[in-house]
Amino acid sequence: MASCTCGETTDQSKEAAMQELFDQYRDYKGGLIPVLQEAQNIYGYLPKEVLQQIAKEMRIPFSKVFGVCTFYAQFHLKPRGRNIIRVCLGTACHVRGGSKIFEAAQEELGVGQGGTTEDLKFTLETVACIGACGLSPCMMINDDTHGRLQPKQVAGIFKTYE
Amino acid sequence: MQNLNEIRAKYQQQYKEKISRPRIVVGLGTCGIAAGGDKVMAALKEQVAARGLDVDIDFTSCIGMCYREPMVEIALPGAPSVLYGDIFADKIEKLLESHIVNNTPVYEWAAFQIPGEATPYEGIDIMDQSSYYSKQVRSVTSRLGRTNPESIADYMATGGYEGIEKALKVDSKAVIEEVKKSGLRGRGGGGFPTGVKWSFVAPGEKKYAVCNADEGDPGAFMDRSILEGDPHAVLEGMMIAGYAIGADEGYIYCRAEYPLAIKRLNMAIAQAEEHGLLGDNILDSGFNFRIKIKAGAGAFVCGEETALLNSIEGLRGMPRVRPPFPAIKGLFGKPTVLNNVETYANVPFIIRNGSDWYAAMGTEKSKGSKVFCLTGKVNNTGLMEVPMGITLRDIIFTIGGGIQDDKQFKAVQSGGPSGGCIPAAHLDTPIDYDSLGALGAIMGSGGLVVMDEGTCMVDVAKFFLNFTQLESCGKCTPCREGTKRMLEILQRICDGQGEMEDIDTLDRLCRVIKSSALCGLGQTCPNPIATTLRYFRDEYEAHIKDKRCPAGVCSALLQYTILVDVCTGCGACLRACPAGAITGEKKEPHKIDTELCIKCGGCIQKCKFDAIVKA
């Protein structure tokens with residue numbers, strides 16, 4: 001019988017990647033955090049079903065898995081944008097006007113701290129320092145660092161991301 | 001035991017050949033890349049190939065002058081090497097044409113020259129004699145900006161892995177003694193003597209050496225620079241520590257916000273394994289050692305040693321009650337030694353050059369050098385290595401080149417959220433662990449954020465408290481509740497709702513939290529408040545009594561007024577005001593209705609005549 005298979009292939013490859021992950025980390029001491037990090041890389045965030053699967057496969061109570069992923073700022077339980085913007089509000093950026101950059105980003109995207117745009121293109125976050133203080137104020141988009149920013153440059157930088 | 005003489009001689013020869021060729025070196029640390037270094041690299045490669053120039057292209061990491069990034073160095077045989085600053089991709093063509101083709105440096109872009117044995121060019125500052133470098137020393141940062149960080153050959157050609165070779169030839173106790181004698185103290189903040197820490201490690205079959213690379217202090221990036229610029233030195237330091245305490249496994253806990261550092265560490269580990277420097281029976285000595293990297297998951301408290309251990313174990317990163325200390329019961333319940341990146345990176349130099357060499361630098365109780373990150377409202381921001389005992393004035397006004405826009409210096413914040421603000425009166429304090437402690441600040445990991453007259457000290461205290469309150473893990477009450485209450489009080493003061501008794505309450509809370517919190521984060525979180533209360537009490541009082549923010553930062557206390565004599569009545573402010581608070585006829589002075597004003601500052605930005613003031 002024919003059945004709808006759209007989306008299934010990607011799910012299958014994600015599932016296979018998860019199995020590989022479990023094989024690699026099942027007997028690894030302290031493996032929960034790397035598994036959560038990798039799983040988030042695979043799915044983009046940590047859906048409930050994935051957390052349940054991790055708990056089962058890693059033989060760790062679900063409450064503990066949930067406790068760990070809510071403790072660390074890096075883990076997300078809701079879908080996120082394709083590009084993650086992290087505006088630095090660390091000390092050096094603070095004294096050089098980091099909050100003005102953040103305001104410009106908020107205005108441009110129409111979302112607040114932690115918000116994701118409707119088209120899932122961007123998620124806007126703040127970070128307490130990305131270690132590029134010499135170039136403050138700065139922000140990170142995915143793994144790229146942008147420094148010596150002025151509020152009016154923000155919109156142009158966003159346009160270079162898909 | 002095997003030695004590395006043969007391979008080292010080969011690499012030294014390679015290195016010698018490399019630096020005797022015409023070459024262009026681009027600074028590709030995170031800061032260099034952020035400023036556009038990768039685009040410069042691409043443009044260079046393209047144009048050198050297109051013109052068929054006989055010149056090598058190499059890269060290095062951060063040389064420390066963040067304020068001049070992206071930086072490019074050009075070295076021609078027999079001529080001084082010239083360091084160019086602010087080189088963006090559009091400048092490459094002229095640079096190649098002039099310096100490579102016509103053998104004439106572009107004087108106006110040159111930052112420094114390093115003459116070596118060649119005759120210096122006239123009109124370019126000599127690096128070692130410049131105000132930025134003359135007060136610095138280059139020991140733990142000696143390879144930064146000089147070698148290719150992704151090359152083990154460069155590392156070994158410049159003395160790398162001589163330390164571990166030397167250590168493996170002697171008894172492990174002798175290694176600990178040597179580190180003790182050097183006077184090296186922990187560079188992560190606490191300043192505990194490193195050798196003593198190593199000697200506390202309990203006996204046992206299984207032990208660990210852990211590197212704390214969770215550099216979370218806002219305003220600090222020396223660990224990132226070392227990891228990106230000299231990753232092998234950190235590995236070698238850990239290997240020496242592992243041998244000294246009898247550990248066979250090491251972990252580097254690095255924050256995930258440093259992807260380039262993690263990439264270069266992984267490369268360095270793979271190279272060291274290939275050379276038989278990590279693994280079983282290293283150099284035939286019977287010593288086994290392996291290093292794994294754990295990426296942090298974004299929690300500031302994980303910079304605290306026991307919280308870090310919990311995080312490596314895959315748990316919530318909450319601190320443990322001490323004792324037992326990690327030296328007795330650490331990672332996975334086994335004896336563990338934990339040091340910071342810069343501490344480990346110092347160890348190979350100490351073992352190679354001897355403890356006397358190291359102890360000759362610095363003050364009586366704080367030996368050696370310290371890497372600082374100078375940021376904030378200062379002209380030259382960047383990374384610098386200075387001997388312990390140098391004054392803050394030298395760092396800020398000589399190396400840092402003074403305050404931006406010739407404004408007045410107000411304070412320097414040392415040690416991040418755990419540190420304190422030091423006022424102008426103490427600028428001549430020599431920097432070492434003990435004198436900074438006496439001022440109520442801490443050395444911390446080495447972040448120095450300079451503040452000028454436009455910085456409000458109450459706002460700064462609120463900024464740090466907001467940070468620690470968000471990052472408090474919630475395990476112990478003094479920190480969880482105390483930071484929240486202190487933040488509420490500071491918010492009230494900044495909003496103009498403060499009362500004089502708030503100051504006493506803050507003072508008491510500071511003392512209680514300091515003495516009762518469980519871990520370092522909680523115990524030191526009152527420092528920003530305690531020091532601002534101590535040195536800038538008048539600013540708190542101005543906020544409370546006069547409802548005035550002297551620095552003009554706290555928006556609730558500001559009033560915008562138009563200077564009648566200066567206003568030309570152009571109407572720019574009127575059109576910019578989103579609240580309709582500005583009125584006035586054309587060509588007549590305008591007025592701001594303070595009841596309607598939302599204090600957004602939009603009018604000031606639009607005014608071309610500086611006719612609007614906030615106070």
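What the table shows:
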{"quantity": "Global form of segment B:475-533, assessed from the alpha-carbon gyration tensor, a/c cut-off 1.5", "calculated": "prolate"}
{"quantity": "Diffusion coefficient, µm² s⁻¹, Stokes-Einstein with Kirkwood Rh over alpha-carbon pairs of segment B:1-92 at 10 °C and 1.306 mPa s", "calculated": "111 µm²/s"}
{"quantity": "Pairwise label distance in nanometres, B:Ala256 with B:Ile126, each label 7 Å out on the Cα-Cβ vector", "calculated": "5.0 nm"}
{"quantity": "Cα gyration tensor, the protein assembly as shown - rounded (a/c under 1.5), prolate or oblate", "calculated": "rounded"}
{"quantity": "Chain lengthening between B:Thr398 and B:Asp284 when straightened (0.36 nm per residue, less Cα-Cα)", "calculated": "36.1 nm"}
{"quantity": "Fraction in percent of alpha-carbon pairs per bin - 5 Å, segment B:528-615", "calculated": "3, 15, 22, 20, 13, 9, 8, 6, 3, 1, 0"}
{"quantity": "Gain in span if fully extended, B:Ala49 to B:Gln408, counting 0.36 nm per residue against the direct Cα distance", "calculated": "124.3 nm"}
{"quantity": "Partner chain coverage, peptide B:29-36 - average Cβ within 10 angstrom", "calculated": "6"}
{"quantity": "Listed peptides B:204-217, A:136-149, B:232-245 by packing density, highest first (mean Cβ within 10 Å)", "calculated": "B:232-245, B:204-217, A:136-149"}
{"quantity": "Between 0 and 90°, nearest 10: helix A:32-43 axis offset from chain A longest Cα axis", "calculated": "80 degrees"}
{"quantity": "Segment B:269-410, dipole about Cα centre (Lys/Arg Cβ +1, Asp/Glu Cβ -1), debye to the nearest 20", "calculated": "600 debye"}
{"quantity": "Unit charges at the beta carbon, dipole of segment B:47-161: most positive-side option, B:Cys62, B:Ser139, B:Gly85", "calculated": "B:Ser139"}
{"quantity": "Sorted peptide list for B:271-277, B:5-11, criterion being average Cβ within 10 angstrom, highest first", "calculated": "B:271-277, B:5-11"}
{"quantity": "Residue-by-residue Karplus 3J(HN,Hα) for segment A:57-68, coefficients 6.51, -1.76, 1.60, Hz, glycine and proline x", "calculated": "5, 8, 6, 10, x, 4, 4, 5, 4, 4, x, 5"}
{"quantity": "Average beta-carbon neighbours from other chains, 10 Å sphere, peptide B:412-421", "calculated": "1"}
{"quantity": "5 Å-binned pair-distance histogram of segment B:308-453 (Cα, whole percent)", "calculated": "2, 9, 15, 17, 15, 13, 12, 9, 5, 2, 0"}
{"quantity": "Interchain or long-range residues, amide H under 5 Å from B:Lys367's placed H", "calculated": "B:Arg185"}
{"quantity": "A:Ala17-B:Glu93 FRET efficiency (beta carbon distance; Förster radius 41 Å; 0.05 resolution)", "calculated": "0.35"}
{"quantity": "Inter-chain shielding of A:80-92 (mean C-beta neighbours from other protein chains, 10 Å cut-off)", "calculated": "4"}
{"quantity": "Charge dipole magnitude, Cβ of K and R +1, D and E -1 - segment B:462-615, Cα centre, debye nearest 20", "calculated": "440 debye"}
{"quantity": "Cα-centred dipole magnitude for chain B, charges only on beta-carbon of K, R (+1) and D, E (-1), debye, nearest 20", "calculated": "1200 debye"}
{"quantity": "Long-range tail of P(r) for chain B (Cα pairs > 45 Å, %)", "calculated": "26 percent"}
{"quantity": "Extension reserve of the B:Val106-B:Ala556 stretch, reckoned as 0.36 nm per residue once the Cα distance is removed", "calculated": "156.9 nm"}
{"quantity": "Approximate spin-label separation B:Lys608-A:Lys48, in nm, with each point projected 7 Å along Cα-to-Cβ", "calculated": "6.0 nm"}
{"quantity": "At most 16 other Cβ within 10 Å, DSSP loop - trypsin sites (Lys or Arg not before Pro), segment A:12-44", "calculated": "A:Arg26, A:Lys29"}
{"quantity": "Förster radius 51 Å - calculated FRET efficiency between A:Glu118 and B:Lys10 (Cβ-Cβ, nearest 0.05)", "calculated": "0.30"}
{"quantity": "At least 30 Å along the helix axis (C-alpha) and Kyte average at least 1.6, DSSP helices within chain B", "calculated": "none"}
{"quantity": "Sparse-neighbourhood loop sites, chymotrypsin sites (Phe, Trp or Tyr not before Pro) in segment B:79-166 - DSSP loop, at most 15 other Cβ within 10 angstrom", "calculated": "B:Phe88"}
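A short reminder: the numbers here are calculations on the coordinates, not readings from a lab. Given the structure is predicted, the values throughout are model-derived calculations rather than measurements. Neighbour counts are summed over all protein chains in view; Cβ atoms, including those assigned to glycine, are modelled from backbone coordinates with ideal geometry.
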